[in-house]
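In what follows, a single structure is set out as structure tokens and then discussed.
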Amino acid sequence: MAPVASPSERDRVGPHPSYIEIAKPYILQSRMQKCLFELSMTDAKEDALRLQGVAWIDQVRRALQLPIRTFNTAVIYYHKFRLLHADNEYNWADAAAAALFTACKIEDTLKKSREILCAHWNLKAGPGESLSSDDPRFESHSKLIIGLERLMLESAGFDFRNRYPQKLMVKLARALKFSANNEAKTTWNLSIDLYRTFAPLKQSTPTMAVACLELAARLHGKDTTKFVDAGPVRYKQWAITRAEVMETLLDLLDLYTHHRSATSVGPLYTLEHFINIRIGLNQEASAANIPRYSKYAYESASDAGTTTNGLKPRNGIDPTSPLTPATPSTLSPGTDHAPKSAIGIRGQNGTVRFMLDAARAHGERAEVEKYHKVEEEEYEVSVPDDTRANDREKEKARVGRVR
């Protein structure tokens, strides 16, 4: 939706100085909750679209034998796209295909849109019904996927910096002497299931890797004292905190508790096993006063939108807490209020420019604002009050009336 022009914008002479959309490599829970609330996305529908889309991407990338890094990037783009576009604006399968198509270009594992659509068709087709990518029935659909590619890039802010936790995770698993067919295999599958949650948007590479290693150790009944802030996974060494790892672990356990059948690791263990692990983590979090979700630096305790540890907020919004303020991601000189998102309003109220460096964007805004600032000066003029002149005027008027 196009932002409403402020009075200063309407009075401005000359071209609009453009909007600046700042890339967000990390999006915390409070921001995602607000985005979903603004899109009127229900909790059940959000879960369904997220799990269906990630499963679609995973199945097709396996059929095309694409590497795990392409899967990671595609899912990140799919998640970011859904945070800005309501579900009635697109079909979730088309969005998943466009995310995978875009990720193939970014990760240099090139695949045509027709090849992606053909791979998905052949997964559903029976014996003898397989098609080739040159089949004309993919023509119109492939053009739709290409059209969605631009929206995918805009939703991500043209930010091609991506995180791949599997590489670090494998190195740490070897250092911890995980068995290749037991703990290490479970850790790998956990890293794939992790992308069925929003954790990859919130956490860094070491946080995701360490969380998967710890949960795999807990699932296999290992002594957790060797894997919690000790040895190769010492938190200070990787610049992470226990709160970040705890949030990632609880995100995974939320997934296994509510949607166990839609995951890779969930069907291998009983629901009670996951609940017991979750109870132990909840007790640890309560004892150490660890919040359920991390907060932005500008958020106070009342604005965090946090819930009791282990509970899932309905519709992504805690009814007992106020909404968190929007992050200052879209800037334009001379505007009183930044729009919710400038994406998609090109040519309506100014050009949208995408930048990676937030400090540079704020500096540019401050510099340009100098030329759009309206300056006014007030002067006080003292007028002498000549009482004698006033008396003479009154006398003339009285004499004239008498005559």
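The values are calculated or read from the model by the stated rules, or taken from the named source; none is laboratory data. Just so it is clear, the structure is predicted and the values come from calculations on it, not from any experiment. Glycine gets a Cβ as well: all are built from the backbone with ideal geometry, and neighbour counts include every protein chain shown. All accessible areas refer to the heavy atoms of the entire protein, side chains included, with ligands and DNA or RNA removed. Shrake-Rupley method; radii C 1.70, N 1.55, O 1.52, S 1.80 Å.
For the condition at pLDDT 70 or above, open to solvent by 70 Å² or more (accessible area, probe 1.4 Å) and small (Gly, Ala, Ser), Ala359 qualifies.
Does segment 106-127 include one or more residues that are touching a residue at least 40 places away in the same chain (Cβ under 8 Å), outside any helix (DSSP H, G or I) and assigned by the TED database to the domain that holds Leu268?
Narrowing segment 106-127 to residues touching a residue at least 40 places away in the same chain (Cβ under 8 Å): 106-107, 109, 111, 115-116, 119-120, 122-123.
Going one step further and asking which of them are outside any helix (DSSP H, G or I), we end up with 107, 109, 111.
Next cut, assigned by the TED database to the domain that holds Leu268 only: none.
No - not one qualifying residue is present in segment 106-127.
The sole residue among Leu144, Leu131 that is part of a loop (DSSP other than H, G, I, E, B) and among the aliphatic types (A, V, I, L, M) is Leu131. Restricting attention to segment 152-196, the residues being modelled with pLDDT under 95, outside any helix (DSSP H, G or I) and open to solvent by less than 10 Å² (accessible area, probe 1.4 Å) number 3. Can you name every residue in segment 229-266 that is among the polar types (S, T, N, Q) and open to solvent by less than 10 Å² (accessible area, probe 1.4 Å)? The one that is among the polar types (S, T, N, Q) and open to solvent by less than 10 Å² (accessible area, probe 1.4 Å): Thr248.
From the list Ala99, Ala95, the one residue that fits, being over 24 Å from Trp188 (Cα atoms) and open to solvent by less than 50 Å² (accessible area, probe 1.4 Å), is Ala95. Just the residues that are loosely packed, with under 12 Cβ neighbours inside 10 Å and either modelled with pLDDT of 90 or more or hydrophobic (A, V, I, L, M, F, W, C) (or both), please, taken from segment 281-299. Answer for segment 281-299, where residues must be loosely packed, with under 12 Cβ neighbours inside 10 Å and either modelled with pLDDT of 90 or more or hydrophobic (A, V, I, L, M, F, W, C) (or both): Ala287, Ala288, Asn289, Ala297. Annotation for segment 58-77: no member residue is over 26 Å from Val245 (Cα atoms), open to solvent by less than 30 Å² (accessible area, probe 1.4 Å), within 15 Å of the chain's Cα centre (by Cα) and without any contact (Cβ under 8 Å) to a residue 60 or more places away in the chain. Pairs linking a residue in segment 146-161 that is in contact (Cβ under 8 Å) with a residue 12 or more places away in the chain to a residue that is open to solvent by 40 Å² or more (accessible area, probe 1.4 Å), with Cβ atoms under 6 Å and 6 or more positions apart or on different chains, are Ser155/Leu84; Gly157/Phe354; Phe158/Phe354; Phe160/Ile106; Arg161/Pro25.
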